[in-house]
1. Say the dipole of the chain comes from +1 at the beta carbon of Lys and Arg and -1 at that of Asp and Glu; which of Thr23, Trp145, Gly67 then lies farthest toward its positive end?
2. Where does each of Arg11, Arg16, Arg52, Arg186 land when they are ranked from fewest to most other beta-carbon atoms within 10 angstrom?
3. Summing -39500 (n - 2.57) over the DSSP H runs of n ≥ 4 in the chain and dividing by its residue number, what mean residue ellipticity at 222 nm do you reach, to the nearest 500 deg cm²/dmol?
4. Select one label from [x] 9, 30, 26, 17, 12, 5, 1; [y] 10, 39, 36, 13, 2; [z] 8, 24, 20, 20, 16, 8, 3, 0: the one whose number is P(r) over Cα pairs in 10 Å bins from 0, in percent as derived from the coordinates shown.
5. So what are the ³J(HN,Hα) numbers for region 109-122, from phi and the Karplus equation (6.51, -1.76, 1.60; θ = phi - 60°), rounded to whole Hz, Gly and Pro as x?
6. Setting aside same-chain residues fewer than 8 positions from Lys3, which lysines have a Cα under 24 Å from its Cα?
7. Of Asn185, Gly120, Cys81, which is farthest along the charge dipole of the chain in the positive direction, counting Lys and Arg as +1 and Asp and Glu as -1 at C-beta?
8. Measure nothing but the geometry: give the 0 to 90° angle between the long axis through the Cα atoms of 2-18 and the longest principal axis through the Cα atoms of the chain, rounded to 10°.
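Nothing in this text is a laboratory measurement; each read-out follows from the coordinates by a stated rule. What you see is a predicted model, and the numbers here were worked out from it, not measured in a lab. Every residue, glycine among them, receives a Cβ derived from its backbone with ideal geometry; neighbour counts consider all protein chains shown.
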Amino acid sequence: MGKDKKLNAARELAGRLFDLKLTELEAMSADQKKTWMSQYNLLTEKEFEDVRRQVLEAKLSQQSQIGWQSIPHDIAVLVFCLASIFFSLKLGLVYGVAVLTMLISLTLVYFNAALYKILGYAVWLTYPAYIWLGFTLFRRGLPWWQVLGVIALAWGGTFLLQALITLPLQMFLRARAQSNKAEKNRK
């Protein structure tokens, strides 16, 4: 019975710690720790730290997986901007949509935390790419309002297109998983 109570206390603590912000969880003061441990006095300090460590790892993993889904957008924007700068807006649009579609289909079925750490920096490259694209389009003779329109459409359009492409792919993957589960249950 005592082990079950301890396990339930650890689960409840994990749930409550998971609700904290990552920074609060990482930089927990000694007083905060004492307060938590007084509420969950069935757990030893080592068990409390173990639960806290596991929650930290889970939150970091969750952030990485969420961030992984933004990789297609960032890479597609970079491809669109670079192709538009060096070639034309039409070619940039074609390449951007193709890359977005390909990367969405890959990121929905594959996750690599190490690769995310590298590709996650692509988001910071999109801002200079937008500025460079705007400067290039302005030098080609487009009025400022058209330049802003192209950049706004590139930014918002990739988010909208990503949502539209992701929806049928997610439905397909869910249907496939249900079919595999039903087939396993039949055997």
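1. Going by the charge dipole, the pick is Gly67.
2. In order of increasing Cβ crowding within 10 Å: Arg186, Arg11, Arg16, Arg52.
3. Counting only the DSSP helices, I get -29000 deg cm²/dmol.
4. [z]
5. Once θ is set to phi - 60°, the couplings for region 109-122 become 10, 9, 10, 9, 4, 5, 5, 4, 4, 7, 6, x, 6, 4 Hz.
6. Cα-Cα hits under 24 Å: Lys33, Lys34, Lys46.
7. Asn185
8. Helix 2-18 sits roughly 30 degrees off the main axis of the chain.
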